[in-house]
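Data block below; observations after.
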Amino acid sequence: MTTTFSDSSHRLADLLRVDLDFIVAQLADEFAQIAGKKLLITGGAGFLGYYLVQAALHFNAQHGDRDAIDVTVYDNYIRGVPPWLLALEANPHLTLREFNVIEPLPVDIDDFDYIIHAAGIASPQYYRARPLETMDANINGLRSLLEYCRAQSDRGKPVAGMLFFSSSEIYGDPPPDCIPTPEDFRGYVSCTGPRACYDESKRYGETLCVVFAQQYGVPVSIARPFNNYGPGLKITDRRVLPDFCRSVLEGEPIVMYSDGSPTRTFCYSADAIIGYYKVLVRGRSGEAYNIGNERPEISMADLADRVVNLGRELFAYNGQVVREPSPEANYLVDNPNRRCPTIEKARRELGFEPGVDLDEGLRRTLIWYHHNRQAEDA
């Protein structure tokens, strides 16, 4: 368990320092291996990029320029460059480039040592609205990067590691005897439902990674995130926790569009980022790793109650939870009833062990949203 963040002033800088110090400390060995190398992060302006980028630069600040990690971000910046990234623009070890991964890679692409492919649309409301763009990023964008790795090897400049962000959605709605869900569960997923553009493109993306690892020796590994939350996830994302937190900060009732019975486990972003860097550096090629929390598995009703209680404690919130039918006809179609991973494989092979419990993570998240109440649509 990490030291709790309990600064009564709720200073954003203090919260970020606590998280970044924690990430860098837990990744001492992994960052030592990446030190002095070139790292490409696609989709680096998004939720996961928030701490993926800042953690590497925080390592640089602690260790000096001699072994600095050079970070390049590729993003289409469809909503502009976020303020947190603009604030880092002058950093000599950060390069920002406007680029859409569904296009052919730039002819002047650098020789990268490590690649994290995090570009894509992950919020259900948005990927249902943009299904083709969702599939293109997860398939065509990934294929281009895998071909780049293959070509780099042929040129005698092999990439040391690549990470593909898949999703826990590839498991669909597992039966009770497959929860907690291990990596070898094959999934129970609709290929034609409203979530299929996301779920099936992630599944096919994994197949691409396995084939390139087996046929061409590309050192690509796969992460399957389980319900990450925390700093960097825009308040406009339309997933459950940003919606709950926005209601608290606006003094409005928390609206729940279900009966509150579906259950999930949640993984705070600082813990998740530690897991992803471990998969990048230490994961076996062509292998997938669950990155999330095994406990507690809680209902959406319980989650709402926890956010309400934190809102009362931190911001004198006096609202309540109300239930309404969703304005979207397909809101709950193919939505899993339970989602809970086993992380034994990541624990055993990578040394991954989440350190921020749910109540502490929710506290930090609500404080972060207090400082980030406005955002472009996610």
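The values are calculated or read from the model by the stated rules, or taken from the named source; none is laboratory data. Treat the numbers as computed from the prediction; the structure is a model and nothing was measured. Here the Cβ positions follow ideal geometry from the backbone for every residue, glycine too, while neighbour counts run over all protein chains shown. Note: areas computed on protein heavy atoms with side chains; ligands, DNA, RNA excluded. Shrake-Rupley method; radii C 1.70, N 1.55, O 1.52, S 1.80 Å.
Where does helix 12-26 land angle-wise versus the long Cα axis of the chain, in degrees 0 to 90, nearest 10? In the chain, helix 12-26 runs at an angle near 50 degrees to the longest axis. In plain terms, the C-alpha convex hull of the range 252-296 casts an average shadow of 5.2 nm² when viewed from every direction. The DSSP beta bridges internal to the chain are antiparallel in roughly 5% of cases.
Please work out, to two decimal places, the log10 of the ratio I(q)/I(0) at q = 0.14, 0.17 Å⁻¹ from a Debye calculation in which every Cα of the range 147-267 carries one identical scatterer. Debye intensities relative to I(0), on a log10 scale: -0.80, -1.02.
Exposure here means at most 10 other Cβ atoms within 10 Å; with trypsin sites (Lys or Arg not before Pro) in a DSSP loop as sites, the longest stretch of the chain lacking them is 156-378. In angstrom, the C-alpha Rg and Dmax of the chain are 19.8, 63.
The C-alpha atoms of the chain define a longest principal axis, and helix 240-249 lies at about 50 degrees to it.
Is the range 220-265 rounded, prolate or oblate when judged by the Cα gyration tensor, a ≥ b ≥ c being the square roots of its eigenvalues, rounded requiring a/c under 1.5 and prolate requiring a/b larger than b/c? Oblate shape, in that a/c is at least 1.5 and b/c is the bigger or equal ratio.
Stokes-Einstein diffusion for the range 1-124 at 37 °C, viscosity 0.692 mPa s, with a Kirkwood radius from C-alpha pairs, works out to 211 µm²/s.
Evaluating 6.51 cos²θ - 1.76 cosθ + 1.60 at θ = phi - 60° for every residue in the range 131-136, the Karplus couplings come out as x, 5, 4, 4, 5, 4 Hz, glycine and proline recorded as x. Rg and Dmax, both from the Cα atoms of the range 260-336 and both in Å, are 17.2, 50. Rolling a 1.4 angstrom probe over the chain with all protein chains present gives an accessible area of which 47% lies on carbon and sulfur atoms. Length available on full extension from Asn337 to Ser190: 0.36 nm per residue minus the Cα-Cα distance, which gives 51.5 nm.
Accessible area per residue for the range 242-378, computed on protein heavy atoms with a 1.4 Å probe, is 42 Å².
Annotation: extensible slack from Glu353 through Ser299 equals 17.2 nm (criterion: 0.36 nm per residue apart, minus Cα-Cα distance).
Taking 25 Å as the straight-line reach from the Cα of Lys38, the lysines in range (excluding those fewer than 8 positions away in the same chain) are Lys157, Lys278.
The mean accessible area for residues of the range 70-183, using a 1.4 Å probe and ignoring ligands and nucleic acids, is 45 Å² per residue.
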